[in-house]
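In what follows, a single structure is set out as structure tokens and then discussed.
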Amino acid sequence: MILWRAGFRYLLRHPLQILFAVVGVALGVAVVVAIDLANSSADRAFRLSAEAVSGRASHQIIASSAGLPETVYQQLRLAGKWRASAPIVEGFAAVPGQPGLTLRILGIDPFAEGPFRTYSPGIGRGSDFSRLLSEPGAGLMTAATARKLGVKNGAELPLLIAGEERSVTFIGLLEPRDQVGSRALENLLLVDIATAQELLGKLGRLSRIDLILPEGDAGRRSLQQLQQFLPAGAEVITADRRGQSMAQMTRAFQLNLTALSLLALMVGMFLIYNTMTFSVLQRRPLLGALRTLGVTRGEIFRLVLVEAVLIGLLGTLLGLMLGILLANGLLALVTRTINDLYFVLNVRSLALTPLSLGKGVLLGLGATVAAAFVPALEAARTAPRSVLSRSTIEGRQRRLLPWAVGSGCGLMLISCAGLMIPSKSIPASFILMFMLITGYALVTPGTAVWLLRRLQPLLKRSFGMLGKMAARNLVAGLSRTGVATAALVIAVAATIGVGLMIGSFRVTVESWLHSYLQADIYVTTESDGFGPGRTPLKKELLERFQEIPGIERITRARHLKLESQDGISELFVAEIPPASFAGYWFAEGDRQQIYQAFSSAEAVIVSEPYAYRRNLQRGDLLTLRTDQGEKQFRIAGVFTDYGSDQGRITMRRQLYEKYWQEPQTDALGIYLSDSAASADLVQQLSRAAADIQQLVIYSNQDLREASLATFDRTFAVTSVLRLLAVLVAFVGILNALMAMQIERSRELAILRAGGLTPQQLWTLVTGETGLIGLLAGLLAVPLGIAQALVLILVINRRSFGWSMQIAIDPLILLQAVLLAFGAALLAGLYPAWRMARTQPALALREE
Amino acid sequence: MMNDTLVRIDNLSKSFREGDTERVIFRELRVIIRQGEFVVLLGRSGSGKSTLLNLLSGIDQPTSGAVIIGQQNLTGLSEHQRTLFRREHIGFIFQFYNLIPTLTVMENLLLPLELIGTAGAEAERQARDMLGEVELADRADSYPDRLSGGEQQRVAIARALIHRPQLLLADEPTGNLDAETGQQVLALLSRLARENRMTTLMVTHSLDVARLADRILTIRDGQLREDDVPKDRL
Ligand SMILES: Nc1ncnc2c1ncn2[C@@H]1O[C@H](COP(=O)(O)OP(=O)(O)OP(=O)(O)O)[C@@H](O)[C@H]1O
Ligand SMILES: [Mg+2]
């Protein structure tokens, strides 16, 4: 196919341009694939472990996070109606010397297990399994897990549970039936129920009871009877419901990552658009000649599109490889965030699902074809023998300019209007944001021309004729300048938007922590902050602490998780002195009145995310399942809280004790008579606690710093994405401007022939690229800020219900402008060098 | 006699719109070109010579009137059909930018053959023969930018003739060359055209060239006139 050769050789003659386009697509695809792989691997790991643990149960009986009294199970058994039931005690342990690894401890009753889980062929038939019963402190693991931990059969395995040193004896193997099973049983320690209660400090309590209820009417009847039979504090939920509500917890977080990765792809798309547009503009004479010879429009259209697809294919393949590499890194970050914020998840390996990779291919190719569509049409419209001169093309572009500006403004208006409509749809918000970006891109060329015209006199004054020429060239070459500038603006704006969003969020959290954390010292148990509820503090501690001089007041707190059919909520039981309550932020309502209600009536306050997720408002009634059955509480106020994206309910301690039977405490707030002495007091407290319980003691400042560290960890992924967007932007600027200059080779050669020295050529070329870079950087600022506003005011609010302060850090803006300017200067170097080096005669002959 | 007619131009008018003003280039042209004729088109710069050639090849559309080549009325065809007609029946030579810079000389010749569906060894043979005719057999694998202007125009001639079009259109093919080279190229062009019994319409400014013609047409003030061929041709 000679026709195709004509096209491809052209591409081969401009390897740098193609390289950059390929890299642009590759980076875009890599980011999307990496995020998708990391997310889906986390999901998969979660699903597998949930399946392994819930087994074939159809329903589960649960209670508050303090657990279900053991007696419930005994009564259930005695009643004789629900044979297929198995008690479970579940918790987590760290292993000394194995940082980052969390073992899931699953306590079971080997006799009841039969119908639920089939871990090993030996189950229920004596062997290792029955030894769990006869040997207290014995546990089973898969061979793979044992190997990883380096324990031999019969050896002691040291564990760290809530900071306490414990151990189990490893007595035998769990034998998964297949590959999936072995993944699911990874990092699982199976013990007898009594052992688990002992290890986890849950004497007399169960985490839950698994049930298999028959299907159909019989099942429904059985369920009804069960509900009547159960004590008030317990509830039956369907087994899959539980997995769903846990998966839901991370959904907004994952969705946000996906959207950010799409932003990177969008920037990559503009790169392709830019490259293909340039290659078409440059080839206009060639395409015209082909048309004269009788090559049809369709053939030319296909030619350009196939070229783009090839670039896309190359970029996509490269992107997939890069994405897999990147995913390995991101997976750790995503998993860490999930562990920090949501629940324990061990994701050891990346699951390379064909779906994730397929999505990457589809997106990469789809984006390329979409981006190349307009340039291909433009190519097909080339008149034979290019009857149109360059100035007519530019003339047409100029006539199109008002249309572009008009439709861009229209798009932005629609997008703004759409964003104003109250809705909870996150995808819709992202689509509207992408519309805003596209609209801005359409307006950019017009704005750029307008600015350049204004700049001309100034440039002439400062840089003489060359300065003026640079600006004039850019205006005259609108068809190229416009596209390049728009591409740059989008790339740079993306980095500004995400940067400002993270910055604002951090500033908000910082000032919130400052106001919210009122006590001088915080004490809590050594738990990783996950699992169902924290380990309670021992009673003696409180007594001993109260004797320490210098302490003015100690408040007790309890963190609980309330699980129900419609999800998991966090209940924070606290004693809040009026002075501390002043540190709470309320969006509406009189703080005095709220405190009045909170401290004396049957009322609670809920955090913003909680109210948002459940469509609740101040004054609404909230139904909670207490140990005395369902009770309604008035919502006295909605407060700002960034501690949990699931949201939390805060309740006065006396109220809690009235309805719940478990009066434990897992955290203390300590107020000192002299705040300055807190470092000293921290020492005293830890000495006092040393022989009783392992504790974490933070001074106010330490806790603030630790919280911010968690925040930074949470946003590590986002920051990585931002960095990648910066990289794509950099490549984009390089690509667009280099293409623009290379395309002008002939024109520059004429200038050289006309007496421009190589020195002057350098000045002209880098002056032009620098000017565009600067312009793009400046034009990116408003869009970047707009994007940040959408992210803060719309997307974060819709994803998490958070309201945030807006902090516009000038440093981020300056960085972005410098990035654009620097990359643009750099982009001018190669063409300038190339042109200064080649003989004008040679350049004139080329094409 | 009718069978002899290759090109018929009927009441052909063309005007360009520029903003609000309409500029008429020519109105109601009528002319007939017979099979195998070598016709030269003269006229001042801007008189509309290139425009007429563009209309004949279907690159451009007339304001009114008809262009009939063989049995085919070009004005009745769609853009796509005109393109297909062009690749089959018309050969084109311009003043410059004739060759595809990304294709070698050989490939430039193969392209028109490929477009009409001739490929493989047979196409190669034809291309080599044609290159031999224009005495560039040894430059088959060069890219156009390595050739001199005269050599490039010789390749352009070869390419315009290789698929044996019915009509050869040449728009100042030697305008870019020095007088002597121009003469050589022109001699080659007219020899090949006559040998292949090709109908040719050539735009030129040079009266010398006009001596080679069978007929001379001149555009003036939007009208086409038949002039006598200068006598000293004989
Ligand atoms: N696309 C166009 N739009 C507007 N006017 C055009 C266009 N193409 C040609 N013209 C005008 O039509 C007239 C004839 O142009 P044409 O190129 O046919 O002249 P020509 O006889 O070939 O001249 P030359 O000898 O200089 O090549 C000119 O005045 C030209 O400005
Ligand atoms: Mg002309």
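Every number in this text was worked out from the coordinates using simple rules, so none of it is lab data. Source: prediction; values computed, not measured. Methodologically, a virtual Cβ is constructed for each residue, glycine included, from the backbone with ideal geometry; neighbour enumeration extends over all protein chains shown.
Descriptive notes on the structure:
- For chain A: rounded, prolate or oblate by the Cα gyration tensor [a/c cutoff 1.5]: prolate
- The amide H of residue A:138, built 1.01 Å from its N in the peptide plane, has A:169, A:192 as neighbours under 5 Å, considering only residues 5 or more places off or on other chains.
- Label-to-label distance for residue B:121 and residue A:462 is 6.9 nm, based on points extended 7 Å past Cα in the beta-carbon direction.
- If R0 is taken as 45 Å, the Cβ-Cβ distance between residue A:147 and residue A:225 corresponds to a FRET efficiency of 0.45.
- By other beta-carbon atoms within 10 Å, ranking A:11, B:212, A:537, A:16 with the fewest at the front produces A:16, A:11, B:212, A:537.
- The order of A:740, A:420, B:130, A:269, going from fewest to most other C-beta atoms within 10 Å of their C-beta, is A:420, B:130, A:269, A:740.
- Under 18 Å from the residue A:705 label point (7 Å along Cα→beta-carbon), backbone N, segment A:666-696: A:676-684, A:686, A:696
- Efficiency of FRET between residue A:712 and residue B:32 - r from beta-carbon atoms, R0 60 angstrom, step 0.05: 0.10
- Each of A:460, A:202 was scored by other Cβ atoms within 10 Å of its Cβ. Listed from fewest to most, they are A:460, A:202.
- Label point 7 Å beyond Cα of residue A:806 along Cβ direction - residues of segment A:408-422 with amide nitrogen under 18 Å: A:412-422
- In sequence order, segment A:418-434 has phi-based couplings of x, 5, 6, 5, x, 7, 10, 6, 6, x, 4, 4, 5, 4, 5, 5, 5 Hz under the Karplus curve 6.51 cos²θ - 1.76 cosθ + 1.60, θ = phi - 60°, and Gly or Pro positions carry x.
- Nonlocal amide H pairs with residue A:520, under 5 Å, H built at 1.01 Å: A:670, A:671, A:672
- Using alpha-carbon coordinates, inclination of helix A:354-380 to the longest axis of chain A, degrees: 20 degrees
- Taken about its Cα centre, segment B:48-124 carries a charge dipole of roughly 340 debye when the Cβ of each Lys and Arg holds +1 and the Cβ of each Asp and Glu holds -1.
- Label-point gap, in nm, between residue B:81 and residue A:539 - each point 7 angstrom along Cα→Cβ: 10.1 nm
- Helical content of the protein assembly as shown, expressed as a calculated mean residue ellipticity at 222 nm, amounts to -18500 deg cm²/dmol (DSSP H runs of 4 or more residues, -39,500 (n - 2.57) each, divided by residue number, nearest 500).
- Between residue A:377 and residue A:585, the distance separating the two model label sites (each 7 Å from Cα on the Cα→Cβ line) works out to 4.6 nm.
- Cα-based helix-to-principal-axis angle, A:758-789 vs chain A, degrees rounded to 10: 40 degrees
- Taking the charge dipole of the protein assembly as shown about its Cα centre, with +1 at Lys and Arg Cβ atoms and -1 at Asp and Glu Cβ atoms, the residue from A:673, B:170, B:190 reaching farthest to the positive side is B:190.
- Sequence-distant contacts, meaning Cα pairs under 8 Å at least 6 residues apart, place the relative contact order of segment A:65-232 at 33 percent.
- Tilt relative to chain A, helix A:2-13 - C-alpha long axis, 0 to 90 degrees, to 10: 80 degrees
- For residue A:648, distant residues with modelled amide H under 5 Å away: A:607, A:610
- Vicinal HN-Hα couplings computed from phi for segment A:217-232 (Karplus, 6.51 cos²θ - 1.76 cosθ + 1.60; Hz; Gly/Pro x): 4, 4, x, 5, 4, 4, 5, 4, 4, 5, 4, 6, 6, 6, x, 4
- Across segment A:653-680, the residues whose backbone nitrogen lies under 15 Å from the label position 7 Å along the beta-carbon direction of residue A:548 are A:667-680.
- Taking chain A and dividing mean pair separation by its residue count, relative contact order in percent (alpha carbons under 8 Å, at least six apart): 18 percent
- Segment residue A:507-residue A:165, length gained on full extension (0.36 nm per residue, minus Cα span): 119.2 nm
- Taking a straight Cα-Cα cut-off under 12 Å and skipping sequence neighbours fewer than 8 places away in the same chain, the aspartates and glutamates within cross-link reach of residue A:538 are A:666, A:691.
- For segment A:17-29, Karplus couplings with θ = phi - 60° (6.51, -1.76, 1.60), whole Hz, Gly/Pro x: 4, 5, 4, 5, 4, 4, 4, x, 4, 4, 5, x, 4
- Taking every residue in B:91-99 and counting other chain Cβ atoms within 10 Å of its Cβ, the average works out to 3.
- Length gained when the stretch residue A:56-residue A:313 is fully extended (0.36 nm per residue, less Cα-Cα span): 88.1 nm
- Prolate/oblate/rounded call for segment A:527-693, Cα gyration tensor, a/c under 1.5 rounded: prolate
- For segment A:527-693: relative contact order, % (alpha-carbon pairs under 8 angstrom, 6 or more apart): 32 percent
- Cβ-Cβ distance of residue B:196 and residue B:135, R₀ of 22 Å, FRET efficiency by 1/(1 + (r/R0)^6): the value works out to about 0.85.
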